[in-house]
Amino acid sequence: MREKKSQAGNVEFICLMAVLMSMVALAIDAVLPALTKIGESLGAESANSTQLIISVFFIGMSFGQMIYGPISDSFGRKKALYLGMAIFLLGSIVSLFATTFTSMLIGRACQGFGISSCRVISLAMIRDKFEGREMARIMSLIMVFFIMVPAIAPSLGQVVLFYADWRSIFLLVVVVAVVGFFWLF
């Protein structure tokens, strides 16, 4: 009986880690079909300026990856994840309600900085809980899901654009992040 409960707990843990890690790809790739519309709506200087929406996300993410490892080692994995997800949600809300191109870039940088916690800490949590072949097997399962999301997210973003404006993509990201946040809780 205890083994079945442990397996069910492992399945839920694996699914949660897959969702947390795939939020990175969702936040990047779902926005791609809307870049031109976002730029036009927020008054970007040129069509090429809209590429900054992706670039600042990666810049924020690169800084976050350096910081969340030490934070999670010092204060605990979940606390660091909650902090990162809260920053990601804040950045998502700023992006959702952006009225200028600059505020969009600030929101995207916050998103990148916050979501990097999911990438870094999820890997650490997997290494904490599993080892050897079992860890490799679980990482393979999670990576399958993580690889599928970038393939699906642009299409998902395009479907959202068929029915609503570009802000709805950020609303979708907020909803997924809130679900992940409370699932982690």
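Structure values in brief
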{"read-out": "Scattering profile of region 48-185 at q = 0.13 Å⁻¹ [log10 I(q)/I(0), Debye over alpha-carbon scatterers]", "value": "-0.61"}
{"read-out": "At 1.002 mPa s and 20 °C, Stokes D of region 1-107 from Kirkwood alpha-carbon radius, µm² per second", "value": "135 µm²/s"}
{"read-out": "Under the Debye formula (equal points on every Cα, no solvent term), log10 I(q)/I(0) of region 109-184 at q = 0.11, 0.13, 0.20, 0.21 Å⁻¹", "value": "-0.39, -0.53, -1.06, -1.12"}
{"read-out": "The chain: DSSP helices with Cα axial extent of at least 27 Å and average Kyte-Doolittle hydropathy no lower than 0.5", "value": "2-29, 52-75, 77-96, 101-129, 132-163"}
{"read-out": "Contact order relative to length of region 15-133, as percent, for alpha carbon pairs under 8 angstrom and 6 or more apart", "value": "33 percent"}
{"read-out": "Relative contact order (%) - region 73-185, alpha-carbon pairs under 8 angstrom, separation at least six", "value": "31 percent"}
{"read-out": "Aspartates and glutamates with Cα under 16 Å of K37, excluding same-chain neighbours fewer than 8 positions away", "value": "D29, E45, D165"}
{"read-out": "The chain, accessible area per residue, ligands and nucleic acids excluded (1.4 Å, Å²)", "value": "52 Å²"}
{"read-out": "Value at 222 nm in deg cm²/dmol, rounded to 500, when DSSP H runs of n ≥ 4 in the chain each add -39,500 (n - 2.57)", "value": "-30000 deg cm²/dmol"}
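The values are calculated or read from the model by the stated rules, or taken from the named source; none is laboratory data. Quick caveat, the model's predicted, so the values are computed rather than measured. All accessible areas refer to the heavy atoms of the entire protein, side chains included, with ligands and DNA or RNA removed. Shrake-Rupley method; radii C 1.70, N 1.55, O 1.52, S 1.80 Å.
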